[in-house]
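One structure is given below, encoded as structure tokens.
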Amino acid sequence: MNGCGRREFLGRLAALAAVPTGLQVQDSLAGRGDVGTLRDPYSAGQPREVTRIEDYDERIKAIEHRLACNCGCTLDVFTCRTTDFTCTYSPKLHREVVAMDKAGKSAQEILDAFVAEYGEKALMAPKPEGFNLWGYLLPGSLILAAGAGLFAFVSRRRVVVAAAGTEAPGAQPSGTSSTATPEELERLRQALAEVED
Amino acid sequence: MTLLGQFALWVALLLGVWSAAVAFSGRWQGREELRGSISGAVYGTFAALAVAALALWKGLVTHDFNIEYVAAYTSRNLPSGYIVSALWAGQKGSLLFWALVLSLFASLAQLLTPRRYAALLPYVAGVTSAVTAFFVCTMIFAANPFERLAFTPADGRGLNPQLQNPGMMIHPPMLYLGYISITIPFAFAVAALLSRSLDTGWIHAIRKWTLVSWLFLSIGITLGMWWAYVELGWGGYWAWDPVENASLLPWLTMTAFLHSVMIQEKRGMLKRWNLGLIIGTFLLSIFGTFITRSGVIASVHSFTQSNVGYFFLAFLAVSGILAFTLLYTRWPSLRAEVQLDSMLSREAAFLFNNLLLVGVAFSVLWGTLFPILSELVKGTKITVGPPFFNRVNIPIGLLLLALTGVGPLIAWRKASAANLRRQFTAPVAAGLVTLTGLLASGMRDFYAIMALALAGFVAGTIVQEFWRGVRARRRMHGESVPLAFTRLIGRNRRRYGGYLVHVGVLIYFVAFSGMAFKREMEATLKPGQSVQLQSPFGHTYTLTHMGVSQFEALNRVVSAATVSVMRDGKSEGLMTSEKRQHVDSFKRPTFEPSTEVGIRSGLQEDLYITYAGSVNGTEEAVYRFTINPLVWWLWFGGFVLVFGGVVTMWPGGGQTVTSPRRAVAGYEVALVGGDRE
């Protein structure tokens, strides 16, 4: 541990802090891990910073899952910054979230601050209020309305048919046949009872 | 070769226009030579487009970088498999591929359709030729794959690294085949409307085509999920991205059709609805193409954006107006032969199943378009991402899963209380036992619990159906269990293949529920350092960073980060995740470095490792470690679903229906066939 830099120290601190959530860093091979230099750093993608505790803090992660990255990737901030490693927007947005969190803002206050700064598109899903309610409620409402309408239609029709004392046009009497004898029917019913109803 | 390709495109266009014009004019009636010329033009279109495709393939294979398309999507050092698949990697090539496959399907429809539907074929040829002509026209005037550059570059740009994946050699063609084959059922529907042959004949003529289309869409969607999972690197497989949604829409309506068509066959109901579904499915397939190509909605899957999208929008509008107007004019001739008798019947269950499938389709479409609508109405840009879609669609999806179990068990026409008791006691018990087990094990995620409990119920219904069928065969024919099981499926492939499809669907839901328990973390590790991650199944993974090695491969410089994996103290070997910097044959970088994830897949969970990059150009690596539960089951569910679909459409085994079979008296069917559908 001697001579470790600030970034390394923060990284280890971050890892140690993960212990209570079931994650822990061990240093079982300490002293054997020479850190070599890459021959071609450019081909390994953008230079990365050492992971800090706030980079995978569950609370921060939950907030970032609700915020959209504005690089055009259609992903949320957490997923983008841990997936599209060429994006420069999501790391910046992450730093903003962390800064607001450190300033003591609640999750909702952070989300509101993002909406105030970037507009409603900063949220992964629009707030269920005003016009947006149409978005959330219309599909379910239409399905319910169609289901209820179907139910009402069939129920009313059955009443009409019952009152008329007739079968529906084209319908044949169920359970009877002009070609089968009662014995055949009984035999078939027994056989078919095994495979159908 | 480009001249030959251009010429072939023009020939295909002229033949397509000729075929469509003669077919729709109706002059072919009573004139055999004109009738022959229509189908001849269909075959000729296919031949011309095959020549055009071969010309482009030759350009790709011979690295003719003077062709703009070849220079844009290939390079000299691109692996040969991807050179072949580059035909559909870009906008212009994929349009040619689309037109080629459509003309092939159109020719097959002319060749393979039984002669009893011959009256429909000229109109079918007219519709397929019109659609093919549209695609060729779009190519010639807006996206010509044979366009030449003013100079010849020494090397091409190469293929987007995300498309350099074996899945991308299969996934787009499968999805295209699904989209394209929808045109054939649509053509038969229009032909039935035009010729006023509105009995069930057209439905029987398209049965195989609808299944083929549904199968290709299913394979394409599943492969798309697999590609997103292994290639995009975000640790998931479905993000409700507009392009993903666009592929789901026709699949949903086609699934609805495959159910509702049974009601028309057996009861003579839902004729208008079925025609509407087929028309809607075709329009949704065009809508998907529009979404993919227009760039009107941002998507991680769009590799082919241009103004061509608006050609599709216009085509969508025109074909929608024409098709629905035609349906409207035939409306009175499409009355149901019987009416629904009871809400407690299989017809009603299928109706609700259709309602939910179309409801989900509407909901997905609504969510996909809602950002545009919001901007139009409020002037505010919004993002509609997974939280929205999950909130709206998961409850509908669970209802649909429940109906997957209810539909096949409930009686036609009207179910009695005794029928319901007899059919549902065991499956409901299976669902309740699953529910109790999950709650007892401490699971608390509501939607995951509901999905798994309903999966238990549906599994109960399917097992019960197979068990009863096998038992009946054993009693009636004295067969052994394996023989009875095999013959049960073989004699009634449609019914039991359908059950296998349902098994695939319920496995999907089980796999989906697993993602509620996903675990992920980031870590920065020097060689030799380790991190531990707890899985939802209670396993402890110890992940030790071994170092980063760099080497050159055929068309890329690879930085490979290796991790030693131990699970519960036992070594599981090494896993590698890579950064790839693709280069052209002059070693010049072509794209931004891409990421290749490392995946160790198991029945319980996948360990998913992503190398994010290095600190200060050293071997100190930043990783994202993810544990994705039950993902393996998604791929297995896809396999079962497709296998069930193949069983359903396999020739023979069932009756070749030439007239409506009515479910008014099941015993009559049993008397004739011995087996019942």
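FYI, it's all coordinate maths here, none of it is from the lab. Computed from a prediction, not measured in an experiment: that's the story for all the values here. We place every Cβ from the backbone using ideal geometry, glycine too, and count neighbours over all the protein chains shown.
A few remarks follow.
- Amide H within-cut-off set for B:GLY613, under 5 Å, with H built and near neighbours excluded: B:VAL622
- Per-residue ellipticity at 222 nm from helix content only, as computed over chain B with -39500 (n - 2.57) for each DSSP H run of at least four residues, stands at -21000 deg cm²/dmol.
- Relative contact order of region B:522-632, taken over Cα pairs closer than 8 Å and 6 or more residues apart, is 23 percent.
- Averaging the sequence gap over all C-alpha pairs within less than 8 Å and six or more residues apart, then dividing by the number of residues, gives region B:2-378 a relative contact order of 16 percent.
- A:LYS92, B:LYS266 arranged by Cβ crowding within 10 Å, fewest neighbours leading: A:LYS92, B:LYS266
- Pairwise Cα distances in region B:522-632 exceed 18 Å for 49 percent of all pairs.
- Shielding by partners, peptide A:135-145 (average Cβ within 10 angstrom, other chains): 6
- For the residues of B:336-342, the average number of beta carbons from a partner chain within 10 Å of their own beta carbon is 6.
- Of B:ILE184, B:ILE449, B:ILE38, the sequence from fewest to most neighbouring Cβ atoms within 10 angstrom is B:ILE449, B:ILE38, B:ILE184.
- Net charge dipole, region B:2-378: roughly 840 debye, given to the nearest 20, about the Cα centre with Cβ charges of +1 for Lys and Arg and -1 for Asp and Glu.
- Estimated distance in nm for a label pair at A:LYS127 and A:HIS65, the labels positioned 7 Å out from Cα along Cα-to-Cβ: 2.2
- Hypothetical label at B:ASN390: residues of region B:506-549 whose amide nitrogen lies under 17 Å (7 Å Cα-Cβ projection): B:509-521, B:536
- Förster radius 45 Å - calculated FRET efficiency between B:LEU574 and B:ALA440 (Cβ-Cβ, nearest 0.05): 0.75
- Take A:105-113, A:51-59 and order them by the average number of nearby Cβ atoms within 10 Å per residue, most first; the result is A:51-59, A:105-113.
- Across peptide B:408-419, the average count of Cβ atoms from other chains found within 10 Å of a residue's Cβ is 2.
- Each residue of region B:150-158 was assigned a 3J(HN,Hα) from its phi angle through the Karplus curve 6.51 cos²θ - 1.76 cosθ + 1.60 (θ = phi - 60°); the sequence is 6, 9, 10, x, 5, 8, x, 6, x Hz, with glycine and proline shown as x.
- In terms of surrounding Cβ atoms within a 10 Å radius of their Cβ, B:HIS477, A:HIS65, B:HIS582 rank from fewest to most as B:HIS477, A:HIS65, B:HIS582.
- Overall shape of the protein assembly as shown was characterised from the C-alpha gyration tensor. The equivalent ellipsoid obtained from it has semi-axes of 49, 37, 25 Å, in decreasing order.
- Distant-in-sequence amide H partners of B:MET546 (H built 1.01 Å from N, under 5 Å): B:GLY528, B:THR562, B:VAL563, B:SER564
- Relative contact order of chain B, taken over Cα pairs closer than 8 Å and 6 or more residues apart, is 11 percent.
- With θ taken as phi - 60° and the Karplus curve 6.51 cos²θ - 1.76 cosθ + 1.60 applied, the whole-hertz 3J(HN,Hα) list for region A:54-68 is 6, 5, 10, 4, 4, 5, 4, 4, 4, 5, 5, 5, 9, 10, 8 Hz, x standing for glycine and proline.
- Between region B:526-603 and region B:330-346, the Cα center-to-center distance that results, in Å: 59
- Each residue of region B:639-647 was assigned a 3J(HN,Hα) from its phi angle through the Karplus expression (A = 6.51, B = -1.76, C = 1.60, θ = phi - 60°), giving 5, 4, 4, 5, 4, x, x, 5, 4 Hz with x at Gly and Pro.
- Working from label points 7 Å from Cα in the Cα-to-Cβ sense, the A:GLU58 to A:ALA145 distance is 4.2 nm.
- Under 5 Å, built H, 5+ apart or other chain: amide partners of B:ALA415: B:LEU344, B:SER345
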